[in-house]
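Values in this text are rule-based calculations from the coordinates and carry no lab data. If you're wondering where the values come from, they're calculated on a predicted model, not measured in any experiment.
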Amino acid sequence: MWILPNLLFTLCIALRCVTSAVGVIHVTGYMGSEINVSCSYRQGYEYYEKYLCKNGCGNSDVLIKTSESRKNKYVIHDDKTARIFTTTIFDLHSVDAGKYWCGVSKFGKDIYTEVELKLMPDSCCDNMNKIESYEGYSESISCPYESQYQNNLKYMCRGNQRSTCRRQALITSHSRQHGRFRLDDDKISGKFTVTINSLTKSDSGSYLCGVQRNSDLDVFSAVELEVKEAVHYAAYAVVPVVLLICVLVIIYKYKCYNVRATEAVMSRNTPKAEDVINAEEGGIYGNQEFVVTFKQQSALNHFDEPDYENVTTEERYCNENYHKAHRR
């Protein structure tokens, strides 16, 4: 009976039998970027060899071990003080997703910790908030977040790459003000606002609002900002005003022309003072024909005399005779 346990023990040494010592470690990364897989171990194993493997963890399944430091796209580091060894996997692709094992070599059966790696696209996001503004103006971008992240780090970056956003942040909630950017966090309403001052056309493009999560990927929302040239819109506003002024000038000149034409007619129909005096000197009987003509013209002039009390402001301004009459 002792032969069977010894046989199983021998097989486990040869095949590195895999059993999980603790719960599964869930790790999520972005395709095209890198990911860190960190596994802890118990005290007393500081100087034992550690490794990362896939599948059944046979010799051909070992991806890297601490005695190698770097292999292909894997880098491993053992922090003996913290008793954590970390494997970094670079240039992630869809085939890299799946189950891994963190292993600690020892006499007999190795110690394993199961790791589940999940990958997702690096670009963000399906829903994007679009904002329009103008050169020289300021624009505030609002970024909502869930209540459990009130005290987490908030930040904003340009572009749509989630994997590099925090490292390339334009502004964070730790600094609040950086150049033309300012971040205000309203924890009661559950949103932070980034204000960009003195906008230029180069500020147009995609932005990501990020909230850091310690045990999982950060949370993001996307914004598309378009900055337009303000001078074009100012020109469009000036054109109607200029046209209105031109129309008013034309109307004013037209009214003045009518008033002057009326004055010319009145001037032609009014007899000269010398003619009146000569008529008086010749006597009533000396120039009866002139007297009759004068009376007819006087009656006509009286009939055509404009009513100065009812004339418009423009007519008064243009009518020189009106001003002369009132100066008398």
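Rg and Dmax of the stretch 18-120, Cα atoms, in Å?
Calculated on Cα positions, Rg and Dmax stand at 12.8, 38 Å.
Would you mind pulling out the separation of the Cα centroids of the stretch 142-174 and the stretch 63-124, in Å?
27 Å
Considering Cα pairs under 8 angstrom that are at least six residues apart, work out the relative contact order of the stretch 22-175 and quote it in whole percent.
Details: 258 pairs, mean separation 38.9, N = 154.
Computed value for the stretch 22-175: 25 percent relative contact order.
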